[in-house]
1. Which is within 29 Å of Y114 (Cα to Cα), in contact with a helix residue (DSSP H, G or I) (Cβ under 9 Å, 6 or more places away or on another chain), of a type in the set (S, T, Y) and not in a strand (DSSP E or B), of S18, S13?
2. Could you give me the residue pairs with C-beta distances under 6 Å whose first residue belongs to region 110-125 and is under 15 Å from D161 (Cα atoms), whose second residue is outside any loop (DSSP other than H, G, I, E, B) wherever it lies, and which are 6+ apart or on separate chains?
3. Just to be sure before I move on: is G129 in contact with a helix residue (DSSP H, G or I) (Cβ under 8 Å, 6 or more places away or on another chain), in contact (Cβ under 8 Å) with a residue 60 or more places away in the chain, on the phi > 0 side of the Ramachandran plot and not hydrophobic (A, V, I, L, M, F, W, C) in the structure I sent?
4. Would you confirm, using the coordinates I've provided, whether E71 is surrounded by fewer than 22 Cβ atoms within 10 Å (Cβ to Cβ), in a helix (DSSP H, G or I) and of a type outside the set (S, T, N, Q)?
5. Considering every residue within region 57-64, establish whether at least one is hydroxyl-bearing (S, T, Y), in a loop (DSSP other than H, G, I, E, B) and buried (at least 17 other Cβ atoms within 10 Å of the Cβ).
6. Could you say whether any residue in region 31-43 is free of Cβ contacts under 8 Å to residues at least 12 places away in the same chain and either touching a strand residue (DSSP E or B) at 6+ places or on another chain (Cβ under 6 Å) or surrounded by fewer than 22 Cβ atoms within 10 Å (Cβ to Cβ) (or both)?
7. Anything in region 117-143 that is within 26 Å of T97 (Cβ to Cβ) and among the charged types (D, E, K, R)? List them, or say none.
Amino acid sequence: MKVDFHVHASERSGCAVSGEEEMIRAARAAGLDAIVFTDHHRLVSPMRLSELNERYAPFRIYGGVEITTREGEDCLVFGVQDPLLESTEWPYCELMTFVRERGGFVALAHPFRYAPEIRVDLEACPPDGIEVRSRNTPPAREADIREIARRYGLVMLCNSDAHNVQSVGEYFNEVSELSDGDRQLVERLRTLKNG
């Protein structure tokens, strides 16, 4: 099953060009089986996720969130639907603690996109995963990202970071099966094979 864990929609991300239903249709056309909306500091309501899943079944739609920490690193959060996540004031280690206490999963999004180094303390607070490839991950840094993943035992993800229908599904991850909810999605994330 092919899943893109990093997709934006114009309803919640001002930088996105395409709306959520356009993105879903484009993902299906691209051969994906599921996507995760990870809008900037905005969660998709459980009611809306339920509506979308009913309308587009058997295709699956999950909710996550992309958070820019105070240190300037972007993080993808999965498995936690707490409105407190929508804050723009999260210090990285506090975010990690908050998500872990609630059984969630955090991945660094497009590392090295904005700076030549990672600007959070990975020794004190290693994330659960890291994007190795995306539209916004510098290809020249892939070896460095893979070394970070190896050093900290991180799950490596390949996601589109799509903001429009042309790029959704450009990168994706393979999972053995889809899950019914966000909690099960986190379990699938934790068991992804590193590529």
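Any read-out appearing in this document is the output of simple, stated calculations on the displayed coordinates, not a laboratory observation. Being a predicted model, the structure only gives us computed values, none of them experimental. Every residue, glycine among them, receives a Cβ derived from its backbone with ideal geometry; neighbour counts consider all protein chains shown.
1. On the way: S13 fails: in contact with a helix residue (DSSP H, G or I) (Cβ under 9 Å, 6 or more places away or on another chain).
None of the other options fit; the residue is S18.
2. H110/E131; P111/I145; F112/R141
3. Details: in contact with a helix residue (DSSP H, G or I) (Cβ under 8 Å, 6 or more places away or on another chain): yes; in contact (Cβ under 8 Å) with a residue 60 or more places away in the chain: yes; on the phi > 0 side of the Ramachandran plot: no; not hydrophobic (A, V, I, L, M, F, W, C): yes.
No: the conditions fail for G129.
4. Values: surrounded by fewer than 22 Cβ atoms within 10 Å (Cβ to Cβ): yes; in a helix (DSSP H, G or I): no; of a type outside the set (S, T, N, Q): yes.
No: the conditions fail for E71.
5. Let us first name the residues in region 57-64 that are hydroxyl-bearing (S, T, Y), namely 62.
Keeping just the survivors that are in a loop (DSSP other than H, G, I, E, B) gives none.
Within region 57-64, none of the residues are hydroxyl-bearing (S, T, Y), in a loop (DSSP other than H, G, I, E, B) and buried (at least 17 other Cβ atoms within 10 Å of the Cβ).
6. No.
7. Step one: list which residues in region 117-143 are within 26 Å of T97 (Cβ to Cβ), which gives 117-132, 134, 137.
Selection gives E117, R119, D121, E123, D128, E131.
Here is a yes/no grid of residues against (1) within 26 Å of A26 (Cα to Cα); (2) among the acidic types (D, E); (3) touching a residue at least 24 places away in the same chain (Cβ under 8 Å):
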{"residue": "S134", "(1), (2), (3)": "yes, no, yes"}
{"residue": "E147", "(1), (2), (3)": "no, yes, no"}
{"residue": "A162", "(1), (2), (3)": "yes, no, yes"}
{"residue": "V168", "(1), (2), (3)": "yes, no, yes"}
{"residue": "Y171", "(1), (2), (3)": "yes, no, yes"}
{"residue": "E174", "(1), (2), (3)": "yes, yes, yes"}
{"residue": "D180", "(1), (2), (3)": "yes, yes, no"}
